[in-house]
1. With log10 I(q)/I(0) by the Debye sum over Cα atoms at q = 0.06, 0.08 Å⁻¹ as the read-out, I listed [x] -0.25, -0.45; [y] -0.47, -0.68; [z] -0.22, -0.40; which label goes with the value calculated from this structure?
2. If you average the alpha carbon positions of segment 244-304 and of segment 42-106, how far apart do those two centres end up, in angstrom?
3. Based on the Cβ-Cβ distance from Asp321 to Glu104, what FRET efficiency comes out when R0 is 51 Å, to the nearest 0.05?
4. Counting only the backbone N, which residues of segment 238-273 are under 17 Å from the spot 7 Å out from the Cα of Thr348 toward its beta-carbon?
5. Can you give me the relative contact order of the chain as a percent, contacts being Cα pairs under 8 Å and 6 or more apart?
6. Keeping every protein chain in place, order Ile124, Ile33 by accessible area at 1.4 Å, biggest value first, i.e. largest first.
7. Quick one: how many Å² of Met196 are accessible to a 1.4 Å probe, rounded to 10?
8. Can you tell me the order of 150-161, 92-103 when each peptide is scored by its average per-residue count of other Cβ atoms within 10 angstrom, highest first?
Amino acid sequence: MEPKRIREGYLVKRGSVFNTWKPMWVVLLEDGIEFYKKKSDNSPKGMIPLKGSTLTSPCQDFGKRMFVFKITTTKQQDHFFQAAFLEERDAWVRDIKKGIKCIEGGQKFARKSTRRSIRLPETIDLGALYLSMKDTEKGIKELNLEKDKKIFNHCFTGNCVIDWLVSNQSVRNRQEGLMIASSLLNEGYLQPAGDMSKSAVDGTAENPFLDNPDAFYYFPDSGFFCEENSSDDDVILKEEFRGVIIKQGCLLKQGHRRKNWKVRKFILREDPAYLHYYDPAGAEDPLGAIHLRGCVVTSVESNSNGRKSEEENLFEIITADEVHYFLQAASPKERTEWIKAIQVASRTGK
């Protein structure tokens, strides 16, 4: 019998020879991890055995590259993977750890529940704490703050973070809150904004995190940007990133010229409604943007000749300017989720 598939999807993997980061279709089995150049390949490019392996997460070996985890085999070979966002990384890490534990105990992998609690355990879970801080109702409120003739959008002050940790009973006092906030900062869950907070991170202050109303910070996937004296074109461009992120992940996108398919990381924002796509290997600036206001999005089951499409889980976005984008999800469920989210954004976002 073939090993049971536990989880599969696109992750960015660091090459073992040239050390370049490339998107791979990754499959977690009961006894190992297979990775393919693309989903449709019949044979994997490599396989990582779970038996005797150890997992490190979060992995901070690559500076600002976020959501990375490392698997070290019994032969002391390191394999680095990067997820598109925090929840995706934590889901992979949770299943891989359970897979390793099951092999060591001679047990079969069985999933009890997919529900995830964000209650803090006795020892601080930074990933869960991060999700609590981002809660739209009970978390830290994101504001537009002004300092030195600059406007910092989607951010908050250092003392607000400590206030929240204390009031939420995540820590006993402000000193303990400072320690936890520094850990969140060091592991990439918080990012510095502005000269004061950046200087502290660079080592010019006693503590990397500042309990200060003039020190600004932001969540890495919040849509943060800073405005100063800008041209009208700059203002229009930055307007795209004001929207709250409502969905993100990797999809295949068909190119307009060569019609080839490439993995891209997509971030969906509403109000204004934009779908930005990025190189998943780590580029900060988007490769392009799709304005969703007034668009039409539908699933694609056949090609222009009326025949069944060879590609699975396709969907199409037609913008108000009649530009066509063809995208491919990893599963029917994922395609449905993307279509529904884009439809909502296209109706409600400006």
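1. Computed from these coordinates, log10 I(q)/I(0) by the Debye sum over Cα atoms at q = 0.06, 0.08 Å⁻¹ corresponds to label [x].
2. 27
3. Values: r = 56 Å, r/R0 = 1.10.
Computed FRET efficiency for Asp321 and Glu104 comes out at 0.35.
4. Once the point is set 7 Å along Cα→Cβ of Thr348, 242-248, 268-273 turn out to lie under 17 Å by backbone N, inside segment 238-273.
5. Values: 630 pairs, mean separation 34.4, N = 350.
Relative contact order of the chain: 10 percent.
6. Values: Ile124 65, Ile33 0 Å².
Putting Ile124, Ile33 in descending order of accessible area: Ile124, Ile33.
7. Near enough 70 Å² of accessible area.
8. Details: 150-161: 20.3, 92-103: 17.8.
Highest-to-lowest ranking by the protection proxy: 150-161, 92-103.
The values are calculated or read from the model by the stated rules, or taken from the named source; none is laboratory data. Keep in mind that what you see is a predicted model, and the values were worked out from it rather than measured. Glycine gets a Cβ as well: all are built from the backbone with ideal geometry, and neighbour counts include every protein chain shown. We work out accessible area using only protein heavy atoms, side chains counted, and drop any ligands, DNA or RNA first. Shrake-Rupley method; radii C 1.70, N 1.55, O 1.52, S 1.80 Å.
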